[in-house]
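What follows is a short report on a single structure.
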Amino acid sequence: MTTLTWLDTAESTNAVVRNGNYRHGDAVATVNQTAGRGRIGRDWLELPGRGLALSLKVDPREIAVEMPLTLVPLVAGVALVDVLDAIAPEAPLWVKWPNDVYLGEHKVAGVLTELDESTGMVVGLGVNVSHSSEELPLDTATSLAVHGIHSDAKTLAEKWMGRFFELMDDTPRDARINHIRSRLGLIGEAVRVEMPDDSVISGTVTELVDTGALVVDNGTQRFTVFAGDVRTLRRRS
Ligand code: BTN
């Protein structure tokens with residue numbers, strides 16, 4: 001069973017779920033997050049009323065045994081792409097491995113997954129919903145509204161949860177990973193990956209393995225990448 005609780009405001013919905021007494025499938029959301037957190041210690045900036053901030057508790061003991069936890073962030077991004085694709089089939093949506101959702105060349109949503117061995121996992125989703133282009137915090141960002149995709153945050157949140165759990169619980173393993181691969185849009189792309197230790201790998205993405213790691217071939221060597229920032233080397237639209 002899933003529950004979705006709306007808050008008038010929250011500093012960080014991830015912190016609310018992490019510090020509260022929530023069970024698997026419980027989520028909290030707001031359109032007024034005041035101190036959102038992003039990956040790698042970054043801030044996630046929101047404008048009041050313009051973005052969706054949602055955090056979902058996932059108990060690793062409740063998920064399918066054949067489902068690696070490392071796939072959860074990708075499932076979160078793919079679930080959002082699926083929901084948006086149903087509203088706007090022509091929109092150039094894709095998942096930028098491992099945590100972002102893009103519209104063409106601009107980021108429209110991010111996922112922050114936090115795992116604590118004693119309290120479980122929190123999956124945080126931030127979506128730029130109704131910002132005008134002037135209101136966007138960064139020139140690398142976009143919003144659904146800027147692309148003519150109009151959906152209110154509540155509908156989006158409910159649909160995202162439904163699709164997330166469909167992919168997690170009701171989709172066979174091979175179908176799930178193949179669907180993730182199809183939404184990734186990186187296979188065959190030339191990329192530059194900035195690794196967590198600041199080294200850089202440049203090459204072509206050849207594969208997404210079952211655990212969600214990316215295989216990058218630089219012509220002489222194949223690297224299996226578990227974490228890093230990926231830049232595609234050609235313009236996408
Ligand atoms: C990123 O792109 O760096 C990830 C951004 C994740 C933002 C979401 S908004 C809901 C949840 N609460 C937070 O404080 N962060 C995540």
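The values are calculated or read from the model by the stated rules, or taken from the named source; none is laboratory data. Keep in mind the model is a prediction, meaning the values are calculated, not measured. Cβ sites come from the backbone with ideal geometry, for glycine too, and all protein chains shown count toward neighbours. The area values use the complete protein model at the heavy-atom level, side chains included, leaving out ligands, DNA and RNA. Shrake-Rupley method; radii C 1.70, N 1.55, O 1.52, S 1.80 Å.
Figures for the structure shown
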read-out	value
Single unsatisfied condition, VAL95 versus (1) of a type outside the set (Lys, Arg); (2) assigned to a loop (DSSP other than H, G, I, E, B); (3) in contact with a Gly (Cβ under 8 Å, 6 or more places away or on another chain); (4) more than 10 Å from the ligand (Cβ to nearest atom)	(2)
Residue list for the range 47-92, filter: basic (Lys, Arg), within 16 Å of the ligand (Cβ to nearest atom) and either free of Cβ contacts under 8 Å to residues at least 40 places away in the same chain or more than 22 Å from HIS150 (Cα to Cα) (or both)	LYS57
Search result, residues across the range 1-28 that are assigned to a strand (DSSP E or B), touching a Lys or Arg at 6+ places or on another chain (Cβ under 8 Å) and surrounded by 17 or more Cβ atoms within 10 Å (Cβ to Cβ)	ASP26, ALA27
Hits in the range 147-179 (condition: in contact (Cβ under 8 Å) with a residue 12 or more places away in the chain, open to solvent by less than 80 Å² (accessible area, probe 1.4 Å), closer than 20 Å to ASN32 by Cβ and in a helix (DSSP H, G or I))	ALA153, LEU156, ALA157, TRP160, MET161
Test for ASP100: is it acidic (Asp, Glu), under 26 Å from ILE149 (Cβ atoms) and open to solvent by less than 40 Å² (accessible area, probe 1.4 Å)	yes
Wholly within the range 180-234, strands (runs of 3 or more DSSP E) carrying at least 3 residues that are at pLDDT below 90	229-232
Residue selected from the range 108-123 under the condition buried (at least 19 other Cβ atoms within 10 Å of the Cβ) and free of Cβ contacts under 8 Å to residues at least 40 places away in the same chain, by the criterion farthest from the ligand (Cβ to nearest atom)	VAL108
Filter result for GLY41 (at positive phi, within 15 Å of the ligand (Cβ to nearest atom) and over 13 Å from the mean Cα position of the chain (by Cα))	yes
Pairs with Cβ under 7 Å, 6+ apart, first in the range 8-35 and within 23 Å of LYS159 (Cβ to Cβ) and within 8 Å of the ligand (Cβ to nearest atom), second open to solvent by 10 Å² or more (accessible area, probe 1.4 Å) and acidic (Asp, Glu)	ASN14/GLU114; GLN33/GLU46
Candidate set: the range 124-142, residues that are of a type in the set (A, V, I, L, M) and within 9 Å of the ligand (Cβ to nearest atom); chosen: the one surrounded by the most Cβ atoms within 10 Å (Cβ to Cβ)	LEU125
